[in-house]
Amino acid sequence: MSFPARSFLVLALTRLSHPQHKVVLGAAGVALFMVTLALLDDYTRGAFSLPAMVPPFGASVVIVFFTPDSPFGRPWNVVVGHLMSALAAAVVLALLPTASPAMLAALAVSSAGLLMLVTRSFHPPGG
């Protein structure tokens, strides 16, 4: 009696392997993550002065959900890449608080790229 359930599962997994279904699931994943992040942003806005919704997260989510086989979408690359980029920006800002925004951006982004390469966590949206 378990044969029909098993064949249904195989059929369902086969259908998910079609490119159209992967696109639909990717879009649903992106939408769900962004709504969750927006709710988190609303919930924590009073407690923290830092937003949870930042533009690179949108790009990261698109990479993770639409191209999960991409090296840039691996969990290590996404998490550590963003952390290295944030660290680079914080260090540059701490060392050069009076520098021009253009100089800060140039140093922070180039330092973020170097840190991501050193930690093998290259994730372009993090930079």
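Among the residues of the range 102-116, not a single one is surrounded by 20 or more Cβ atoms within 10 Å (Cβ to Cβ) and not in a helix (DSSP H, G or I). Can you find even one residue in the range 68-89 that is modelled with pLDDT under 85 and surrounded by 10 or more Cβ atoms within 10 Å (Cβ to Cβ)? Checked against the condition, which is being modelled with pLDDT under 85 and surrounded by 10 or more Cβ atoms within 10 Å (Cβ to Cβ), the range 68-89 yields at least one hit. Just wondering, is there one or more residues in the range 91-98 that are surrounded by 19 or more Cβ atoms within 10 Å (Cβ to Cβ), touching a residue at least 40 places away in the same chain (Cβ under 8 Å) and either on the phi < 0 side of the Ramachandran plot or in a helix (DSSP H, G or I) (or both)? The answer is no; no qualifying residue exists. Of the numbered criteria (1) at pLDDT 75 or above; (2) open to solvent by less than 80 Å² (accessible area, probe 1.4 Å); (3) closer than 30 Å to L107 by Cβ, the one A28 fails is (3).
The values are calculated or read from the model by the stated rules, or taken from the named source; none is laboratory data. These numbers come from a predicted model, not from an experiment. Please note: Cβ atoms are built from the backbone with ideal geometry, for glycine as well, and neighbour counts cover all protein chains shown. Side chains included, ligands, DNA and RNA excluded: accessible areas come from the protein's heavy atoms. Shrake-Rupley method; radii C 1.70, N 1.55, O 1.52, S 1.80 Å.
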